[in-house]
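**Student:** If you scroll down you'll find the structure; I have some questions about it.
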Amino acid sequence: MLEGLWKNRNDFVWHNEKEDASKLGLLAFYKWQDWFLAQNLWETQLDNRELVHWNPPPFGCFKCNVDVAFNQRVGSTNRGWCIRNDHGNFIVAGTVWDSCTFSVLEAEALAHKEAIQAISRFHNAPMIFESDSQHVVKALSFQFEG
C-alpha cells in the first residue's frame, strides 16, 4: 500500500496525475494476494518438480537474471531483474508492475532493456544474462556480436 501511495504522490507532484484511492487500495490488495498465493504455490510445488539451482558466474563476472510474470485477473505485467556477483552476493535488482498486459516477447525485451540500462554503471564489467526467453537472448547476442 505504501508503494502505491508513494507512487501516486510522485505522479501528482511531477505530472499532476493521480489515481483514485479505491483503485490504489485494490491494486495493493492484488499485489498482496499475488505474493500470498506465490508463497503457498511455492510450498506445494516443491514436491512436484525438481529444484533448479542458481550457479554463480565465473570469477570477476556478474550475472543478471531476468524474468516476467503476468496476472491475467487484473491485467498486469510484472518485470524484474537481479544482479549478483561471482560469490552469489546480491548487488542490485529492479522491478516494474505495469497495469497493462504486454506480449511475452515485449515484456521480456523491456525487462532486459531495463536491466541493461541499470548495469551501465558497472563500467563494462563482464555480465552474463540468464533468462527463459530464448528469442530475446538470441536477439541481444546478435546485436552485441554484430
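**Student:** Starting with the highest mean, order 74-81, 10-17, 103-110 by the number of other Cβ atoms within 10 Å, averaged over the residues of each peptide.
**Tutor:** In descending order of packing, they fall as 74-81, 103-110, 10-17.
**Student:** Using the structure shown, list the pairs from 63/138; 7/31; 31/138 with a Cα-Cα distance above 22 Å, or answer none.
**Tutor:** On the way: 63/138 17 Å; 7/31 14 Å; 31/138 32 Å.
Beyond 22 Å: 31/138.
**Student:** Where does each of 7, 18, 63, 23 land when they are ordered by accessible area, with a 1.4 Å probe and the largest first?
**Tutor:** Values: 7 120, 18 145, 63 15, 23 85 Å².
So the residues, ranked largest to smallest area, are 18, 7, 23, 63.
**Student:** Another question, if that's okay. On full extension of the chain, what length is gained from residue 6 through residue 98, given 0.36 nm per residue of separation minus the C-alpha to C-alpha distance?
**Tutor:** On the way: separation 92, 0.36 × 92 = 33.12 nm, distance 1.58 nm.
Full extension from residue 6 to residue 98 adds 31.5 nm.
**Student:** Can you tell me how much longer the chain between residue 127 and residue 105 gets when fully stretched, taken as 0.36 nm per residue apart minus their C-alpha distance, in nm with one decimal?
**Tutor:** 5.8 nm
**Student:** Under a point spin-label approximation (7 Å from Cα along Cα-to-Cβ), what is the residue 13-residue 87 distance to one decimal in nm?
**Tutor:** 3.6 nm
The values are calculated or read from the model by the stated rules, or taken from the named source; none is laboratory data. This is a predicted model, so every value here is computed, not measured. All Cβ positions, even for glycine, are placed from backbone atoms using ideal geometry, and neighbour counts span all protein chains on display. Areas reflect the complete protein model, heavy atoms only, side chains present, ligands, DNA and RNA absent. Shrake-Rupley method; radii C 1.70, N 1.55, O 1.52, S 1.80 Å.
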